Amino acid sequence: MYEQQQTPDSGQHGPLSGFTVGVTAARRADELGALLQRRGAAVVHAPALRIVPLADDSELLAATKELIDQAPDVVVATTAIGFRGWVEAADGWGLGEALLDRLRGVEILARGPKVKGAVRAAGLTEEWSPSSESMAEVLDRLLEEGVEGRRVAIQLHGEPLPGFVESLRAGGAEVVGVPVYRWMPPEDIAPLDRLLDAAVSRGLDALTFTSAPAAASLLSRAETRGLLPELLAALEHDILPACVGPVTALPLQNHGITTVQPERFRLGPLVQLLCQELPARARTLPIAGHRVEIRGHAVLVDGTLRPVPPAGMSLLRALSRRPGWVVARAELLRALPGAGRDEHAVETAMARLRTALGAPKLIQTVVKRGYRLALDPAADAKYSDE
């Protein structure tokens, strides 16, 4: 699915109005998109992967039989969808009751409240669940208890668990992986390609990631298309990469990209973080007696949201890089996407920009030279010293 919904022109706007946010999630994408749109963002959604259940997979069947035959001492349940999928798959093979009977006598650690809910829905009871919902805390507990000679089953969930299995094995544990589902590339790659194109052309203000495989998939697709250097440059300088947590951020960090993450690894806090970060990155200038805040695809003029066409935003950004200074038509023409060589394109785009801003005096025409932002005198002095 590929969606883009623009924010309406209204004096009533949310903290993300005027910004475009890319969503790479496969699961819960609708929920994340709704949270972003409710706060005013335009959302571009392209799932970077798809989840393939392994109900007919020989690895899961073999792991299930192995655990029924030889009980584990501990089971680590990592995701609600994965735990439910495991029980449903076992039911499908006629092993559901045998699996649940075996797990009733086992210490179950649930990574978070949703996983805890899935465990209890299966008629089981978890021994413990970390308040942080962090796999690192689960690992600390296991190592503190001591794992020498213990058999630990871990429900794998398609994301890397750096050092988790290795640390348990180093502590003397026998580790059995339970692969419940896999991440695969999306069946239709076109939406992801459009998202990539939007990113490298700076058509996004932020990119959100809710799983490490999604981040890795986007980077892999960019590399396949020869766009990886351009994508990394965009993420480093112009687009805010926002990850739901530190594990999700790993593929980006491996490429030297700094990400932002909420303190609580949840969709709500992730959206709240964007509500703080994106407006803080917007350029705000005092121009012709007005307060002008330049956002991704819109401008706030004295607090009123003014959507601006892409060509107009390109001109405005070029002018705002040197506020108060005259920018030549030829330079503005180069800033216009696909404008060619005709400087009349600048005049046309400028007329539309002034109309969109609703305050024509914000931009002054300097005869035979170009255009400038009508920076207020006190601010003009400040910027001329820089």
(message) Show the residue pairs meeting these rules: Cβ distance below 8 Å; 6+ apart or different chains; first residue within the range 365-376 and free of Cβ contacts under 8 Å to residues at least 40 places away in the same chain; second residue in a strand (DSSP E or B).
(response) THR365/TYR371
(request) Pull up the range 139-190, narrow it to residues that are among the basic types (Lys, Arg), at pLDDT 90 or above and farther than 20 Å from SER129 by Cβ, then point me to the one that is most open to solvent (accessible area, probe 1.4 Å). (result) ARG169
(request) Could you figure out which of (1) crowded, with 17+ Cβ neighbours inside 10 Å; (2) in contact (Cβ under 8 Å) with a residue 60 or more places away in the chain; (3) in a helix (DSSP H, G or I) isn't true of PHE265? (result) (3)
(request) Would you confirm whether any residue within the range 128-135 is more than 13 Å from ILE68 (Cβ to Cβ), surrounded by 16 or more Cβ atoms within 10 Å (Cβ to Cβ), touching a strand residue (DSSP E or B) at 6+ places or on another chain (Cβ under 7 Å) and acidic (Asp, Glu)? (result) no
(message) Condition first: at pLDDT below 90 and not in a helix (DSSP H, G or I). Now tell me which residues in the range 341-366 satisfy that.
(response) ARG341, ASP342, GLU343, ALA359
(request) Collect the residues in the range 365-375 that are open to solvent by less than 30 Å² (accessible area, probe 1.4 Å) and closer than 12 Å to ILE287 by Cβ, keeping them in residue-number order. (result) LEU373, ALA374, LEU375
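Being touching a His at 6+ places or on another chain (Cβ under 8 Å) and more than 15 Å from HIS297 (Cα to Cα), is that true of even one residue in the range 342-355?
no
Out of the range 209-261, which residues are among the β-branched types (Val, Ile, Thr), in a helix (DSSP H, G or I) and open to solvent by 10 Å² or more (accessible area, probe 1.4 Å)? Quick ask: steps written out before the conclusion?
First, pick out the residues of the range 209-261 that are among the β-branched types (Val, Ile, Thr): 210, 224, 239, 244, 247-248, 257-260.
Now restrict to residues that are in a helix (DSSP H, G or I): 224, 247-248.
Once the filter is applied, which keeps residues that are among the β-branched types (Val, Ile, Thr), in a helix (DSSP H, G or I) and open to solvent by 10 Å² or more (accessible area, probe 1.4 Å), the range 209-261 yields THR224, VAL247.
Within the range 27-47, take every residue that is small (Gly, Ala, Ser) and buried (at least 19 other Cβ atoms within 10 Å of the Cβ) and give me the one that is farthest from GLN276 (Cα to Cα).
Only one residue fits best here, namely ALA46.
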(message) I need the full set of residues from the range 195-212 which are over 12 Å from the mean Cα position of the chain (by Cα) and closer than 18 Å to ALA249 by Cβ, in order please.
(response) ALA199
(message) Among the residues that make up the range 83-103, is at least one of them farther than 17 Å from LEU67 by Cα, in contact with a strand residue (DSSP E or B) (Cβ under 7 Å, 6 or more places away or on another chain) and in contact (Cβ under 8 Å) with a residue 12 or more places away in the chain?
(response) no
(request) Return the only residue of VAL119, VAL115 being open to solvent by less than 30 Å² (accessible area, probe 1.4 Å), within 25 Å of GLN261 (Cα to Cα), β-branched (Val, Ile, Thr) and touching a Phe, Trp or Tyr at 6+ places or on another chain (Cβ under 8 Å). (result) VAL115
(request) Scan (1) within 30 Å of LEU219 (Cα to Cα); (2) assigned to a helix (DSSP H, G or I) for the single condition LEU333 breaks and write down its number. (result) (1)
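Being in a helix (DSSP H, G or I), over 23 Å from the mean Cα position of the chain (by Cα) and either hydrophobic (A, V, I, L, M, F, W, C) or at pLDDT 95 or above (or both) is the filter here; which residues of the range 14-63 pass it? Explain how you work it out, then say what you get.
First, pick out the residues of the range 14-63 that are in a helix (DSSP H, G or I): 29-38, 58-63.
Subsequent filtering for residues that are over 23 Å from the mean Cα position of the chain (by Cα) retains 58-63.
Once the filter is applied, which keeps residues that are in a helix (DSSP H, G or I), over 23 Å from the mean Cα position of the chain (by Cα) and either hydrophobic (A, V, I, L, M, F, W, C) or at pLDDT 95 or above (or both), the range 14-63 yields LEU60, LEU61, ALA62, ALA63.
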(message) So, in the range 338-364, exactly how many residues are without any contact (Cβ under 8 Å) to a residue 60 or more places away in the chain, within 25 Å of PRO286 (Cβ to Cβ) and small (Gly, Ala, Ser)?
(response) 4
(request) Write out, first by first residue and then by second, each pair whose Cβ atoms fall under 8 Å of each other, whose residues are 6+ apart or on separate chains, and whose first residue, in the range 119-147, is touching a residue at least 40 places away in the same chain (Cβ under 8 Å) while the second is open to solvent by 60 Å² or more (accessible area, probe 1.4 Å) and polar (S, T, N, Q). (result) VAL119/THR125
(request) Scan the range 318-337 for residues that are free of Cβ contacts under 8 Å to residues at least 24 places away in the same chain and within 29 Å of the chain's Cα centre (by Cα) and jot them down. (result) ALA318, ARG321, ALA335
(message) Looking at the range 284-301, can you tell me whether even one residue there is crowded, with 21+ Cβ neighbours inside 10 Å and part of a helix (DSSP H, G or I)?
(response) no
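When you go through VAL327, VAL292, VAL346 one by one, which is the residue that is out of contact with any strand residue (DSSP E or B) (no Cβ under 7 Å at 6 or more places or on another chain) and of a type in the set (A, V, I, L, M)?
Numbers: VAL327 fails: out of contact with any strand residue (DSSP E or B) (no Cβ under 7 Å at 6 or more places or on another chain); VAL292 fails: out of contact with any strand residue (DSSP E or B) (no Cβ under 7 Å at 6 or more places or on another chain).
Checking each option against the conditions leaves just VAL346.
The values are calculated or read from the model by the stated rules, or taken from the named source; none is laboratory data. On a predicted model such as this, the values are computed, not experimentally measured, just so you know. Reconstructed Cβ throughout: ideal geometry from the backbone, glycine too, with neighbour counts over all protein chains shown. Please note that ligands, DNA and RNA were not included when accessible areas were found on the heavy atoms of the full protein model with its side chains. Shrake-Rupley method; radii C 1.70, N 1.55, O 1.52, S 1.80 Å.
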